[in-house]
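Take a look at the structure set out below.
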Amino acid sequence: MYDNPRLILDSSNPPEADNILWRSPSNIALIKYWGKYGNQLPRNPSLSFTLSAACTDMELSYIFRDDTHSAGVNLDFFFHEAENPAFQAKMAEFLNTLLPVFPFLKQLDLTIRTGNSFPHSAGIASSASAISALALCLCSLEDRLFGTLQAAEDFERKASWLARLGSGSACRSIFSHAALWGETGLIQGSSNEYAVAAGDLLHETFKDFHDDILIVSTDEKAVSSRAGHALMEDNPYAAPRYAQAKARLDALLNALESGDLPAFGKIVEDEALTLHALMMCSNPSYVLLQPGSLAIMEKVRRYRTDTGNPVYFTLDAGPNVHLLYPGSIVHEVRDFIEQQLKPHCEDGYVIQDWVGEGPEEM
Ligand code: PMV
């Protein structure tokens with residue numbers, strides 16, 4: 001979609017060495033993307049809140065080198081100030097696949113310095129923030145060198161498209177407050193190729209929403225998301241699941257627009273449990289939830305019944321529980337977490353996060 005052989009630097013007028021720095025957040029899906037085809041295309045539309053505290057900082061430095069004949073990109077890579085050959089190799093491999101899109105990358109010596117605001121081992125998705133940060137750095141680089149992405153919409157669309165190729169759900173991290181990825185008649189301009197902004201749809205209540213991430217376990221997942229998506233291909237419930245996701249998206253959009261908290265909560269909790277139910281009935285079956293995850297979900301539902309406070313849970317592909325609630329009850333909910341939920345978290349670990357403004361160039 002974005003192949004462009006004209007993006008080649010003129011060696012008689014080389015760019016000055018410089019750098020680009022982006023901070024990009026993670027996101028939490030309310031309607032889950034689970035199941036894909038082709039090159040990271042989703043089987044159903046998904047919708048997420050963009051987070052804020054859980055984020056990646058990435059600095060991309062570049063120096064011109066007049067060598068159009070090199071086989072691939074030339075990349076130095078530092079994660080939290082240290083060399084990391086495994087991440088370096090993954091990044092370089094991804095950048096090499098992007099050479100038809102950014103042929104000028106071969107004409108530069110690149111250095112990436114990156115780090116997350118949360119421990120890599122926290123068991124929370126770091127790929128969405130890291131890959132979206134990379135996509136934003138690359139689009140800024142293109143625009144700086146060629147002036148080709150001046151319109152914010154063009155810039156965001158290309159960044160989201162690139163992020164999707166690196167890690168599907170990362171394409172939703174580009175936008176403030178909320179994003180929708182996947183073709184649906186419900187949202188004009190929606191596409192399987194990239195996400196679109198959905199923040200404008202939100203009722204004010206959801207713009208001041210919290211997502212506290214309760215870290216039940218930091219262990220590496222027994223089954224990766226990549227493997228999980230692949231198992232959907234033979235899952236007997238796949239077709240009804242994709243239809244269900246579409247119907248739930250319709251209902252969720254109504255709740256998000258009208259500020260209907262109970263309707264919102266029912267859909268997001270049902271989505272979380274459906275995601276894990278799909279794992280349990282894959283072949284082979286597997287369970288990522290842990291006793292602590294179940295205890296937390298049970299206590300959240302009881303707390304809601306006892307207090308009437310609109311606190312809901314969701315999950316991504318792991319045992320950690322995300323607590324979603326409006327800013328108006330933050331103090332009460334923090335007390336509840338402290339007293340009742342922290343004992344189920346590994347070393348009492350909770351990441352306090354909230355719906356945020358999206359990525360920023362620093
Ligand atoms: O982007 P991936 O391939 O890591 O898949 C993410 C899948 C879920 O986090 C479970 C759901 C989602 O939509 O983010």
Solvent exposure of the chain as accessible area per residue, Å², 1.4 Å probe: 43 Å²
Rg over Rh, two decimals, the stretch 312-362 (C-alpha only, Kirkwood Rh): 1.01
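Lysine pairs in the chain 8 or more apart or on different chains: how many have alpha carbons under 15 angstrom apart?
Summing the qualifying lysine pairs gives 4.
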Reference-scaled alpha-carbon Rg (2.2 N^0.38 Å with N residues) for the stretch 204-268: 1.48
Over the stretch 60-219, equivalent-ellipsoid semi-axes from the Cα gyration tensor in Å: 29, 22, 13
Taking all pairs of distinct alpha-carbon atoms in the stretch 192-305, Kirkwood radius in angstrom: 16.4 Å
Coil-residue GluC sites (Glu not before Pro) of the stretch 259-299, DSSP, other Cβ within 10 Å capped at 12: none
Percent breakdown of C-alpha pair distances by 5 Å bin, ordered from the shortest bin, for the stretch 10-57: 5, 15, 13, 12, 14, 12, 8, 9, 9, 3, 0
With 5 Å bins from 0: P(r) over the stretch 256-362, alpha-carbon pairs, percent: 2, 10, 20, 22, 19, 13, 8, 4, 1, 0
Convex hull per residue volume in Å³, alpha carbons only, for the stretch 1-116: 140 Å³
Charge dipole of the chain about the Cα centre (unit charges at C-beta), most positive-ward option of P326, A135, Q188: Q188
Accessible surface of the stretch 132-188 [probe 1.4 Å, protein heavy atoms]: carbon and sulfur percent: 39 percent
The chain pair-distance distribution - Cα-Cα, 10 Å bins, rounded %: 5, 25, 33, 23, 11, 3, 0, 0
In order through the stretch 127-138: 3J(HN,Hα) via Karplus (6.51 cos²θ - 1.76 cosθ + 1.60), integer Hz, x for Gly, Pro: 5, 5, 6, 5, 6, 5, 4, 4, 4, 5, 4, 5
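The values are calculated or read from the model by the stated rules, or taken from the named source; none is laboratory data. No experiment lies behind these values; they were computed from the predicted model shown. Glycine gets a Cβ as well: all are built from the backbone with ideal geometry, and neighbour counts include every protein chain shown. Please note that ligands, DNA and RNA were not included when accessible areas were found on the heavy atoms of the full protein model with its side chains. Shrake-Rupley method; radii C 1.70, N 1.55, O 1.52, S 1.80 Å.
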